[in-house]
Every structure is written in structure tokens, then in C-alpha cells.
Amino acid sequence: LNAQARESITDFIDDATNSQTAAKWNFDYLGISRANAILDRIESVSFEEAKKQSIIGEAKFLRAFFYFDLVQYFGGVPLYINEVVSPEKASLSRATVDEVYNQIIADATDAIDKLAASTAFPQSGKATKGSAKTLLANVYIVQKKYALAEALLRDVTQMGYQLLPDFASVYDLNNKNSRESVFEIQFMQGTTAGQQSNFIYWFIPRVANSAVITGVNTNTNTGDFGDWNVPTQDLISSFETGDKRLDASVAVAEGTVNASGVFVPESVKSIVGYVTPAGKVSKLFIRKYLHAHINQNNTDDNWPVYRYSEVLLFLAETLNEQGKSSDALPYLNMVRDRAFGTGVSPVTTADQVALRDIILHERRVELAFENKRWLDLVRTGKAIDVMSVYGEQVKLLFPATPPNAYKLEPSRLLSPIPFSEIQININLAGQQNPGY
């Protein structure tokens, strides 16, 4: 059922009963609920004031982060800014989009005031002044308030963050919370308390024995494993020749298919120049999160939310959108220099329209598989055109794709309010997003 729910979202045929849409809504509000509990109770506790202010800043950063996710995916949502302690306060109507953004900006601004900048690397993994400024800049970019975003991003460039010399090393487990990390979600392998990650088991092919790929024997051919977010040829073709990020982002599992129709991997190959040999079967998977671990479904990878490379690309975008296209080039080319080698493939055009597309493309390949692409397409107004063209390609490759798939309308730029929420909350009755 989870696979079907995800597939329907991919095909743009999901509805308000989709379990994955409900999960996003519920987990965001779970985070908001926890932040609200901290913020409403913390002043009643006596301890060191500096630590108290830091915790308030972290809670407000997270509340802003969760509401930013909600407003981008659902539009206006119920705005809970206090802990819910009674039934009558548990059912709010939808706030407007502007009201939600005003709360996000207020929380992020207060977080900036209360949080300290990172002074030592590797960092602790907690929210910092740099992560709060990056979040607020992201908000302003979505709102097209580019001058405000530029000022914040310029501040972040003065906080000691740096690109790591090699793109692949960004994801190395030895480099968690490195100088390139602005904010990442923390995980720790070896635990049984839910602190471990397991992304790679979602992304590798469905196999009976994953040892050739992961080093640990796991059956990903059953349950909620395998073949999520399979890299597409459309994405692979978008990497320029010589871009080192392709090999670090995507890999090939090569093998055969047994009599039961199950893929049996025999080796992991580089995607660069790869051609499937005669008699073999190849499967693409996301390589960024493939690292050594001991126990099945129990890995040590953190999830990147904001990296310094994105700060640089954000800054390039804000400058270009203000007509300062020549000023944008150094920040864009810093990211490209790492991908190709210094001076190998610099962008030189100062044409605003051309540079806008170049920066969007750069975000696609730099931040692949980091949950950025869809929201990038939405905020730049390209989602319907890009995904409609891609949908035609999908239907040619996979004739079994439902005929109503990829028929994007403006209403599809938002997800539906979960049906379960409308049933529970009487104040959401009649407030469903258009088209659902």
C-alpha cells in the first residue's frame, strides 16, 4: 500500500486519502507540537539563561522549518503556536498563506537572535545562527524578496563554512557536520531506539541478498524496501561531461535475474560511461548514502538539509534575480569548480534569463536526491511544463502508466489536505485545496 501511495504521488494522481501525504502532514505537526511544548513550558524551569535562550532558538528554528514545509506543500494550514492542552484548542481553521509565512519569518528571526554561530567544526548538529539565516533566506527567495535573502546569505558566507575539496567526501561518514554542513538531520547507527538511518535500503534495487551492494545480507524484495527514487535517464543525461558529481551520486548494480524473476546483483559499477554487458541486467540506484555499516537496515548517514554549496547557489540566484548577474558568477563557479576542477568549465554569461536556467540546472545536479527539485520547479514557475514533458517520456518508456498520469493543472502544485484531518477537525470542513 505504501508503494502504491508513493507511486500515485509520482504520477500526480494522488488524492486526499493518500497515506504518504497524510504522513508528511502528521510528521510536520508532530515536530511543531514538540516545539510548542518546549516553548510554552521552558520559562517555568530554572536553569542557565544562556542555555535557555539557545533552546528557545532551536525550537523556533524547527517550528519555522516545519511550517515552511507545510505551507509549500499545502498552502495555508492551521497555525498552532501554543501547546494544545484542551480539545477546543485542537481544531483550528486554516490560516492564510501570508499568516503562515509571517509566523515562519518571526520564528526564524527570533532564532537568528538567540542562536550562536558555529565556532568549531565538526559541529554538534544542532541548529545555529547560520542554519537559521539560511532558512530565512530560503523563505525570502520563495517570496521573491531577493534583497533580503542576499543580505542573509552574505552573512552566512562570513561564518566559516567552506566547500569540501571533493564532492564525494561531503557524504563520507567521517565528514558529518563538516564545514560544508549548514544543517543536517542527525542519525546514529548501532542503536535500537530509532536513531539509526536506513536510506540506502530504500534506494537500492529489490534483491533477496543485498550483501554485494551494502556489505550486509538483507532481503529488500519484501516489505517497504528497495527501488525508491530510482535515478532516471533524464537526470543522468543532465550531468555535463566531466562532472564528478554524477559518479558520486548514482551507481549501477550489475547482475542477472533468477528463475523467480528476482534481480541478483553481482557487482557495483560506476555510472560513468557504463554500458550493460550482454547477458547482464543493470539497475541504477542512489549512491550518495552508500557507506559501510554493520547491521542491516541500520546505517550512520545523516540527511543533508542545507549545505554550503546551496548557500552559494542561493546567493547566485538572488543576485541574478536583482539584475546583478555578473556578481552572481563567482558564487556559481565556486560550486562548479569543485565539480569539474578549477577553471575547467566556468559559466561566463551575464544574460539574466540564460543564467536563471543555468543556476536551476546547477541546483538539480548539485542537490540531486536531497529533496530540492520539486520545490525548485514550483517556486520558479516551471513545474507544470517540466513535469508534463517528463510525463510524456515516462508513458513512452512504461506503457502501463495510467493514462491520467502527469496531467498537471495548477491545482497539482499543492497537495491535498489529508481526508483524515478534515474528518477529525470540523473547522477544516469545506477547506480542501482546489482540485481535490
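Past 20 Å, Cα to Cα, is the threshold; run Lys129/Lys372; Lys288/Lys395; Lys51/Lys89; Lys176/Lys283; Lys144/Lys372; Lys129/Lys288 against it and keep the listed order.
Over 20 Å apart, Cα to Cα: Lys129/Lys372; Lys288/Lys395; Lys51/Lys89; Lys176/Lys283; Lys129/Lys288.
Excluding Asn371 itself, calculate the net charge of residues whose Cβ lies under 15 Å from the Cβ of Asn371, where each Lys or Arg counts +1 and each Asp or Glu counts -1.
Value of the local net charge: +1.
Expected output is a single nm value to one decimal: the length gained when fully extending between Glu7 and Phe121, i.e. 0.36 nm times separation in residues minus the C-alpha distance. What is it?
37.0 nm
Give a quick list of chymotrypsin sites (Phe, Trp or Tyr not before Pro) in segment 29-65 that DSSP marks as loop, anything other than H, G, I, E or B, with at most 14 other Cβ atoms within 10 Å.
Working: sites: Tyr29, Phe47, Phe61, Phe65; in loops: Phe47.
Answer by residue number: Phe47.
Would you mind telling me the share, in percent, of accessible area of segment 98-148 contributed by carbon and sulfur at probe 1.4 angstrom?
52 percent
Which net charge results for the neighbourhood of Val386, defined as the other residues with beta-carbon distances under 12 angstrom from its beta-carbon, given Lys and Arg at +1 and Asp and Glu at -1?
Value of the local net charge: -2.
Give me the compactness ratio for segment 353-436, meaning the Cα radius of gyration over 2.2 N^0.38 Å.
Relative to the rule-of-thumb radius for its length, segment 353-436 sits at 1.39.
Less than 13 Å Cβ to Cβ from Leu319, Lys/Arg counted +1 and Asp/Glu -1: what total charge do the surrounding residues give?
-1
Of the heavy-atom accessible surface of segment 198-329 (probe 1.4 angstrom), what whole percent is carbon and sulfur?
50 percent
Rounded to the nearest whole Å², what accessible area per residue is found for the chain with the 1.4 Å probe? Before the final figure, lay out each step's value.
On the way: 20000 Å² over 436 residues.
For the chain, the per-residue accessible area is 46 Å².
Mind listing which GluC sites (Glu not before Pro) in segment 28-136 are in a DSSP loop and have 13 or fewer other Cβ atoms within 10 Å?
Working: sites: Glu43, Glu48, Glu49, Glu58, Glu83, Glu88, Glu99; in loops: Glu48, Glu83.
Of the GluC sites (Glu not before Pro), the ones in loops of segment 28-136 whose Cβ has at most 13 other Cβ atoms within 10 Å are Glu48.
How many angstrom lie between the C-alpha centres of segment 294-309 and segment 1-42?
Here the answer is 21 Å between Cα centres.
Tell me which label goes with the value of mean projected area of the Cα convex hull in nm² computed from the coordinates here: (i) 24.3; (ii) 22.5; (iii) 25.7.
Checked against the structure: label (ii).
Could you tell me what percent of the accessible area of segment 1-63 is made up of carbon and sulfur, with a 1.4 Å probe and every protein chain present?
57 percent
The values are calculated or read from the model by the stated rules, or taken from the named source; none is laboratory data. Since we're looking at a predicted model, the values are computed, not measured. Note that each Cβ is placed from the backbone with ideal geometry, even for glycine, and that neighbours are counted across all protein chains shown. Note: areas computed on protein heavy atoms with side chains; ligands, DNA, RNA excluded. Shrake-Rupley method; radii C 1.70, N 1.55, O 1.52, S 1.80 Å.
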